[in-house]
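Notes to accompany the following structure.
The values are calculated or read from the model by the stated rules, or taken from the named source; none is laboratory data. Not measured: the values here are computed from a predicted model. Backbone-built Cβ (ideal geometry, glycine too); neighbour counts: all protein chains shown. In case anyone asks, the SASA skips ligands and DNA or RNA and just uses the protein heavy atoms, side chains included. Shrake-Rupley method; radii C 1.70, N 1.55, O 1.52, S 1.80 Å.
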Amino acid sequence: MSALEKFSEAVREGGFMTSPLIIGGRVSSLQNNGVNLEGMPDSLGLGDFVSIVSNGKKTRAEVVKLAKDAHFAIPCSPLSKVSRGAPALPLAVPDVRFNEQLLGRVVNAFGDPIDGLGPIAKHVGSENVSGSVSPMRRGRVEESLRTGVRVVDVFTPLCVGQRLGVFAGSGVGKSTLLAMFATSDAFDAIVISLVGERSREVREFVEDTLGPDGLGKSVVVVATSDESAVVRKRAPTMAMNIATDMARQGKKVLYLVDSLTRYAHALREVAISLGEPPISRGYPASVFNELPRLLEAAGPASAESGGSITAIATVLVDGDDHNDPVSDSLRGILDGHLVLDRAIANRGRFPSMDPLASISRLSNKVWTESERVLVTKLRAMIAMFEDSRDLRMMGGYQVGNDAELDNAVSLVPTLYEFFEQGTEDPASQDVFAELAQFLKKEPEPT
């Protein structure tokens with residue numbers, strides 16, 4: 001008889017406990033949006049997950065605060081399923097990485113499929129959303145990018161690897177504009193994070209706005225508005241992890257987030273739960289630390305890989321106030337912003353981008369000198385046209401008194417007609433040539 005067999009026989013005869021020992025703790029108390037855990041192992045760290053077993057159901061929770069006597073965790077599902085004294089065990093939740101099976105799929109913030117199309121093999125890895133590429137090893141942002149959206153390609157042209165914000169209130173066409181970007185053939189793959197969306201809007205966006213062609217080369221990461229704050233703040237991070245993996249493989253990736261404001265709201269909920277004091281209209285300081293951490297991961301990958309992440313994120317402006325803390329902070333982080341104007345949307349003009357308020361900080365890398373001069377003149381013409389709107393409405397405008405105003409009144413409505421574009425319209429191929437051709441078009445007889 002071997003030594004192991006002798007030991008096993010001794011254990012059986014002695015009646016010792018032979019079931020495996022699991023090191024964990026228990027729920028000591030509950031708060032409105034979290035639980036205190038005691039007896040947890042010292043190896044537990046911030047951002048780790050635990051599994052709370054209560055009433056025969058398991059609840060996943062993220063550890064957001066470590067203390068000497070008790071740790072604080074926020075569950076990913078309602079607290080009604082958790083009772084005091086419930087056992088809590090460390091739970092391994094690896095970060096999902098890119099694999100080809102993810103393309104065309106809709107997943108939650110943990111990489112689990114929610115589209116009913118079967119399981120997905122997960123490739124896992126360590127956390128990498130931290131701008132880990134040295135600034136001196138990153139590629140330069142210089143290659144021009146054609147989005148196919150005429151008003152964008154003229155007034156705010158983009159570069160591959162740029163970070164752009166779409167600033168708008170609700171209901172002015174943000175999601176439709178994102179879908180138009182997603183149909184661009186300039187990218188190898190698209191990663192979309194829908195944060196805080198209404199549940200009914202997810203399927204509408206995937207099936208109608210994005211469509212089968214757009215979904216085929218996309219990965220959609222969803223965290224709806226009814227999910228926990230820890231789930232909502234995790235969705236954009238996991239999507240960025242997937243996009244980073246693609247870029248390191250040499251792919252040109254488009255990273256879309258709708259919206260960064262709801263991501264900031266989730267960060268705020270977690271921070272306030274931890275007792276952080278608000279410093280700016282209810283937002284704690286940690287929110288403004290996490291926003292650049294996420295966005296700095298976008299851009300060119302290392303010069304050796306040749307990949308890049310072009311990030312376009314929507315920013316909800318509360319009450320159409322473009323100076324709220326999140327919007328103000330993001331303007332300093334991003335490489336440009338498109339402003340969607342409710343007044344333009346109310347006139348039925350889409351995309352409802354205001355060319356006078358929108359800017360791309362990298363536009364001079366795209367325009368030729370003649371194009372830059374032309375766009376400057378177009379902006380001046382549109383500004384004059386809009387400034388004179390009240391005068392013309394009151395009947396105070398007379399043809400011949402101001403040649404520049406006459407020119408603006410004649411041409412700007414034609415420009416507005418050219419820039420109108422929907423998802424069903426073909427993408428622009430050479431926007432300045434198309435604009436010149438459109439302006440030469442003879443007016444239709446009335």
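Some notes on this structure:
- Pick from region 157-171, criterion buried (at least 23 other Cβ atoms within 10 Å of the Cβ) and farther than 28 Å from Arg248 by Cβ, ranking: modelled with the highest pLDDT: Phe167
- Residue list for region 211-221, filter: farther than 23 Å from Ser305 by Cβ and surrounded by fewer than 24 Cβ atoms within 10 Å (Cβ to Cβ): Gly211, Pro212, Asp213, Gly214, Leu215, Gly216
- Residues in region 76-94 that are modelled with pLDDT of 85 or more, over 31 Å from the mean Cα position of the chain (by Cα), crowded, with 16+ Cβ neighbours inside 10 Å and assigned to a loop (DSSP other than H, G, I, E, B): Ala86 only.
- Leading residue by the ranking (modelled with the highest pLDDT) among those in region 121-145 that are outside any loop (DSSP other than H, G, I, E, B) and closer than 16 Å to Ile309 by Cβ: Leu145
- Tally, over region 323-357, of residues that are out of contact with any helix residue (DSSP H, G or I) (no Cβ under 8 Å at 6 or more places or on another chain), farther than 20 Å from Cys159 by Cα and part of a loop (DSSP other than H, G, I, E, B): 4
- Scanning region 259-296 for residues that are at pLDDT below 90 and within 22 Å of Gln162 (Cα to Cα) yields one hit, Ser259.
- Qualifying residue in region 9-19 (condition: at pLDDT below 85 and either closer than 21 Å to Ala86 by Cα or within 32 Å of the chain's Cα centre (by Cα) (or both)): yes
- Val154 vs. criteria in a strand (DSSP E or B), in contact with a helix residue (DSSP H, G or I) (Cβ under 7 Å, 6 or more places away or on another chain), at pLDDT 95 or above and open to solvent by less than 40 Å² (accessible area, probe 1.4 Å): no
- Taken as a whole, region 22-43 holds no residue that is at pLDDT below 90, among the β-branched types (Val, Ile, Thr) and surrounded by 19 or more Cβ atoms within 10 Å (Cβ to Cβ).
- Candidate set: region 297-338, residues that are over 16 Å from the mean Cα position of the chain (by Cα) and of a type in the set (A, V, I, L, M, F, W, C); chosen: the one modelled with the lowest pLDDT: Ala303
- All told, Val375 falls short of being surrounded by 11 or more Cβ atoms within 10 Å (Cβ to Cβ), over 29 Å from Leu164 (Cα atoms), touching a helix residue (DSSP H, G or I) at 6+ places or on another chain (Cβ under 8 Å) and among the β-branched types (Val, Ile, Thr).
- Leading residue by the ranking (nearest to the chain's Cα centre (by Cα)) among those in region 230-266 that are surrounded by fewer than 24 Cβ atoms within 10 Å (Cβ to Cβ) and free of Cβ contacts under 8 Å to residues at least 60 places away in the same chain: Arg248
- When Leu46 is tested against (1) open to solvent by less than 80 Å² (accessible area, probe 1.4 Å); (2) of a type outside the set (Val, Ile, Thr); (3) part of a loop (DSSP other than H, G, I, E, B), only condition (1) is not met.
- Residue that is farthest from Lys252 (Cα to Cα) [pool: residues in region 95-120 that are open to solvent by 20 Å² or more (accessible area, probe 1.4 Å) and not in a loop (DSSP other than H, G, I, E, B)]: Pro113
- Some residue of region 424-438 being open to solvent by 50 Å² or more (accessible area, probe 1.4 Å), touching a helix residue (DSSP H, G or I) at 6+ places or on another chain (Cβ under 6 Å) and on the phi < 0 side of the Ramachandran plot: no
- Among (1) at pLDDT below 95; (2) open to solvent by 20 Å² or more (accessible area, probe 1.4 Å) - the single one Ala380 does not satisfy: (1)
- Residue list for region 339-360, restricted to those being surrounded by fewer than 19 Cβ atoms within 10 Å (Cβ to Cβ) and within 20 Å of the chain's Cα centre (by Cα): Ile359
- Hits in region 394-419 (condition: surrounded by 15 or more Cβ atoms within 10 Å (Cβ to Cβ) and either in contact with a helix residue (DSSP H, G or I) (Cβ under 8 Å, 6 or more places away or on another chain) or assigned to a loop (DSSP other than H, G, I, E, B) (or both)): Tyr397, Leu405, Ala408, Val409, Leu411, Val412, Leu415, Phe418, Phe419
- Residue match in region 198-207 (condition: part of a loop (DSSP other than H, G, I, E, B) and either crowded, with 20+ Cβ neighbours inside 10 Å or of a type in the set (Val, Ile, Thr) (or both)): no
- Check on Glu276, closer than 22 Å to Thr59 by Cβ, surrounded by fewer than 21 Cβ atoms within 10 Å (Cβ to Cβ) and either among the charged types (D, E, K, R) or in contact with a Leu (Cβ under 6 Å, 6 or more places away or on another chain) (or both): no
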